[in-house]
1. Taking the conditions exactly as written (open to solvent by less than 40 Å² (accessible area, probe 1.4 Å), out of contact with any Lys or Arg (no Cβ under 7 Å at 6 or more places or on another chain) and within 21 Å of L958 (Cβ to Cβ)), does A920 satisfy them or not?
2. With respect to V766, determine if the residue is outside the structural domain of V715 (by the TED database) and of a type in the set (V, I, T).
3. Check off (1) surrounded by fewer than 20 Cβ atoms within 10 Å (Cβ to Cβ); (2) more than 21 Å from I545 (Cα to Cα); (3) not acidic (D, E) for I434 and give me the number that stays unchecked.
4. Could you grab the pairs with beta carbons closer than 7 Å, sequence gap of 6+ or different chains, first residue in region 593-615 and open to solvent by 60 Å² or more (accessible area, probe 1.4 Å), second one part of a helix (DSSP H, G or I)?
5. Only one of (1) of a type outside the set (D, E, K, R); (2) crowded, with 16+ Cβ neighbours inside 10 Å; (3) not assigned by the TED database to the domain that holds E282 is not met by L619, so which one is it?
6. Report every pair of residues separated by at least 6 positions or lying on different chains whose Cβ atoms are under 9 Å apart, first residue within region 713-724 and farther than 13 Å from L758 by Cα and open to solvent by less than 10 Å² (accessible area, probe 1.4 Å), second among the aliphatic types (A, V, I, L, M) and not in a helix (DSSP H, G or I).
7. Please work out if V346 is open to solvent by less than 10 Å² (accessible area, probe 1.4 Å) and closer than 30 Å to L622 by Cβ.
8. Can you tell me which residue is surrounded by the most Cβ atoms within 10 Å (Cβ to Cβ) among those in region 464-512 that are among the aromatic types (F, W, Y) and farther than 15 Å from G454 by Cβ?
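The values are calculated or read from the model by the stated rules, or taken from the named source; none is laboratory data. Computed from a prediction, not measured in an experiment: that's the story for all the values here. Cβ placement follows ideal geometry from the backbone for every residue including glycine, while neighbour counts extend to all protein chains displayed. For accessibility, only protein heavy atoms count, side chains too; no ligands or nucleic acids. Shrake-Rupley method; radii C 1.70, N 1.55, O 1.52, S 1.80 Å.
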Amino acid sequence: MRFNRDVLPIFVKNCFACHGADAAKRKADFRLDNDSALYRPIASGATPVVRGDRSASRLWNVIAASPFADDHMPPADSGKSLTPEEIGTIGRWIDSGAAYEEHWAFQPLRKAAPPEVHDAAWARNVIDRFVLARLEREGLAPSPEANRRTLIRRLSFDLIGLPPSPEEVDEFINDSNPNAYENLVDRLLASPRYGERWGRHWLDVVHYGDTHGYDKDKRRPNAWPYRDYVIQSLNDDKPYGQFIKQQIAGDVLSPNDSNGVIATGFIAAGPWDFVGHAELREGTVDKNITRALDRDDMVVNTMATFASMTVHCARCHDHKFDPISQREYYGLQAVFAGVDRADRPVDKDPAIYAQRIALTAERRKLDARAKEIETAFAAVTDDELAKIDEQLAGARAELKKLGESPTNGYHSAIERMRDVTKWVQVDLGSSQKIDSIHLIPAMPTDFPDTPGFGFPVRFKIETSDDAAFQSAHIVVDETKADFPNAADTPYRVDSVGGTARYVRVTATKLWERTSDFAFALAELRVQSGGKDIALDANVTALDSIEGGRWSKKGLVDGFSSRRAIVKSVGANEGTQALDARIGELQSRRDERVNALVDSALSDERDAVRARLKEIVTALDALPEPQMTYAAANDFRPEGTFTPAGKPRPVHILQRGDVKLEGELATPSALAVVKPLDAQLAISDPDNEGQRRAALANWLADPKNTLTWRSIVNRVWHYHFGRGIVETPSDFGHMGAYPTHPELLDWLADEFLSHGQSLKWLHKLIVTSATYRQVSDTNDAGERADAGNQLLWRMNRRQLDAESLRDAVLAVSGKLDLTMGGPGYDLFAFKDDHSPGYYYDKFDVADPKSFRRSVYRFVVRSVPDPFMETLDCADPSQNVPARNTTITALQALAVFNNPFVVKQSEYLAERVQAATSDPNAQVVAAFRAALGREPSERERQALASHADVNGLASACRILFNSNEFMFID
C-alpha cells in the first residue's frame, strides 16, 4: 500500500474539490491535500483518521455510510461517488497505519540504490534493474532483444528522425565489432540531424509557430532564429540548466551574446493577438484582457515546459488540486510584466553586436533623461506663456473644425522585401486637362505619430488614356535614387500639362514598416481648373489592404489621414495659413520657455538631443542586423502596440476578471518547491530583466526537483512513446503517478551528475536492454499489463508526421539537408489585412520544399491538411504528447496526397536510373523503402502491380505499408 499511488488519486478525484487547496471552496475547514488536519479532532470532536483503526475514523464512517445517510461522503448532489474497491482501499490504508506522503513531485529527489533482481544477466545498465525489479514483482518477464535490422531502424528514427539507408542497415548487420551498437548510437548522436529531430519535439512542447494566430493570422517572418537556436543547442549538447536560463533571460544573463536574445524566442513562441495589441485603444478593458492573456501564455509556457505544473489553474482562484495560490500565479505573471513579443536586432559578428547593445543602452538612458527634461520644460509657466497657449488652443480648434478624417488612405499589401513594385491609379472618367498632381503622405491615426507613413522610397507618377498603361507619359521619375521621406509635406508636381484619363503612382522601392515593407498614401489629388478632379474617382491597385481605416476609396475621399482637405486650391490656403500660424505660435512658446528655464537644464537638453542624434547616426552606420522575434522591452511601436518601458503593474484579479483588481502582485515562484525561496530576489523592481533572470535561476537550480524530473521524463516519453509519468506537462495531483518512481528520481539525479547532458541521457536509455526489446506481444504480458506500462516489451509506434514526410523524401532521393534559415512555404500565400494560406495551390515539385519538415513555415490558423491528418502538433497549443490515431483518412492521404504521388514518381525514376531490369527495380524500391530484401511472394505481388499500374504506383504502396509507417 502506497499512499501516493493507491489512496491519493481517490482523494483527488472525489474529495479535493471541497477539501483541497482552494481555501475559498473548502468545506468544513477540512482538507485532504495535506495532513495538517487529518489526525486531529475536528469541531465535532471526532478524529478524521485514527491510525490503525478504521471504525474509529470519521473519514471511514462517512464514506462507508449508506448513500442515503445525511453525512454520507461524497454528498449525493456532488455528482461523485466511491466504488466499493476505492472504499476498501481507504479502509486498508487506515488499518495499515494511514501513512500520509507529500505528493511525489514535491518531494526531494531520493536516489535509491539499484534494486536486486533475479535475472541479473539480462540487465545491461541500471535502468534495466529498476524495470526488471518491477516486472519480477508482478510475475512478468522481459522480452527478447530485437534483431539488428529492427534496432538500427528504431535508433535512426528515434535519434535523427530519418530511416537508415539500405547500405547502413547492411553495414550494421554485418558489423562483428562487439561495440557496434554503441558506435551506432554515438554516430547518430553526433549527426546534425539529431538536433533537427529532437528540436521538433521541443518545438511541440513550447507551441512554436511562424504566424501570430488569432483571427488576423499574420506571418511572423523572424521567428525562425529561435527554431535554429534550439536545433544548434541540442547538437552542441548544451547543459540543460544553461538551455533553460537562456530561454527565459538570455538577453539579461549574457547581454553581449546575440544567442541570448534569440533564445528568448521561447517566451514569444506562442500565439499573439494582433488586433488586441496593435489595434485596440490603450486603457480599454479589451486591451487589458489582451495583455493579461498574453502574460498567461508566457507563464503557462514556462511552467508547463520546465516544471511540468499547471499553474494557470490558479488564475481565477487558488488551484483546486495543487498547492499553488492565486497570489503565486500572478507573481509569475509579474515576472513577465515588462516584456512583449516583437522583433529585435541581432548580429552574427560579436563586435558589431556589442556596439549595437552599448549604443542602444545609452540611447534608452538618454531617452529617459530627455523625457524628464521635457517634463520640467512643460511645467514652466507665466502670463505670457498662458496667453500663447490660449492662442494655440484657439488655432488648433479652428483647424479641427475643418473636419476629422474617417480614413487613413490607401495601403498596399505588406511585403517581406523592400524591392517589390506596387502601383495604385485613379480613373478620372474621361480624358481631362491636368494642371498639377499632389501626393499627400499618410499619418495614420491608429499608429503613433508617423509622418510620411508608407511614402515610397523610390517612385514615379505617370498619366495615360490606357488603363493598362501600355503607353504612358512619365510625369515625374524618382526611381533613380532614394527620395527623402516626405514626412507631412505634400509632394506636388505643377505644370503637368496635357490630358489623360488615368493617373498612376508606382512605387519601386517600398517604405520600411516594422521589419516589413509597404506603400501608402493618404490622398492622391489631381488639380484641373482649380478643382480636384480625382475626388471620389474609381481607384484600382495592384493590391491593397481593405480593412480598418485603410481602403482604395480612402485615396480620393477628400481627407488626409487626419482632417478634411478643402476642395478648391484657393480655399486650401486657409488650412496652410492655420498650420503656419500654429507653427509660429509654437516657436514663440519654445523661445519663451527657453528664456524661463535654468540655463544648465537648457544646455543639458541641447547636449542630450545632440548625443541622441549621434547615436542614431552611429546605429544607422552599423551593418543591417538580422531580426529575431523574441521577448522584447524596446522595439518599434506598431499601431497601439508600444513597449512597456518599466514593468506594467500586475494585480491579483478576483475571479480572473481584469475589472476586479486586487492588490499588486510581486514577482515570485512556487512555495511548494522546497528548499527554494518562492520570493524572487530582485534589487530593482523597475528592472524587468532582473525578474526574468531570477525566475530562470530558480528553475535551473539543482535543488528544483520539478525541473530535473520533468526533463528526464520528457526524454523517456519520446523514446518509449509514454513517459514514466504519462502526463509530461502535469506533475500535479491531476497528473499520472510514475510507473517507476525510483527510476525517475535515479535518472534525474544522474542527469544532474553528468553535466545535465541530454546526449548522455539518450545513450543511457537506448543502450539499455529495456529499450532493445522486441515489440512483439505475448499472452502473459497482455493479461497482466495490456498497456505495457511496466515495459515487458518495446512499444510499437507510428511515425509522426514530420518523420514520415522526411522518410518519403529520403527514400525518393530528394531530401535536401540544408540546415537553418527562414522556413519554406507549403502553400500559396496572399498577403492582406487577414492573410490567406492556400495549400491546394502549392507546387509539390518545388525543390525548396524538399528540406526537412522541421524547417517548414508553420501556420497556426490554417494547418497543413496532410500533416494535420498525420496528427501533427497544433502550434497554438502546448503539445507535450501528440495524439496518435489510426484512421482511413491517413491511409488515403499517404496514398493520394500530391506530395506522396510526386515523391513516388521520383523513387521510381531513381531505381529505374540504376537498373533497367523490372524485377531489380522492384527489389531496389523495396530495399530503399523498408531496408530489407522482399520475400519472393512480396516481390511477385509488387512486380505484378507495377506491370499493370506502373512502378510509381508500386512505390506508393510501399510508402503506405505498415512496415514503412510504423517503428517496431
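1. Answer is yes for this residue.
2. For V766, the condition - outside the structural domain of V715 (by the TED database) and of a type in the set (V, I, T) - is not met.
3. Every condition holds for I434 apart from (1).
4. Partner pairs satisfying both residue conditions: N594/S602; E604/I373; R611/L366.
5. Among (1) of a type outside the set (D, E, K, R); (2) crowded, with 16+ Cβ neighbours inside 10 Å; (3) not assigned by the TED database to the domain that holds E282, L619 violates only (2).
6. If the second residue must be among the aliphatic types (A, V, I, L, M) and not in a helix (DSSP H, G or I), the pairs left are F720/L791; F720/M794; G723/A736; G723/A881.
7. Criteria met by V346.
8. Y502
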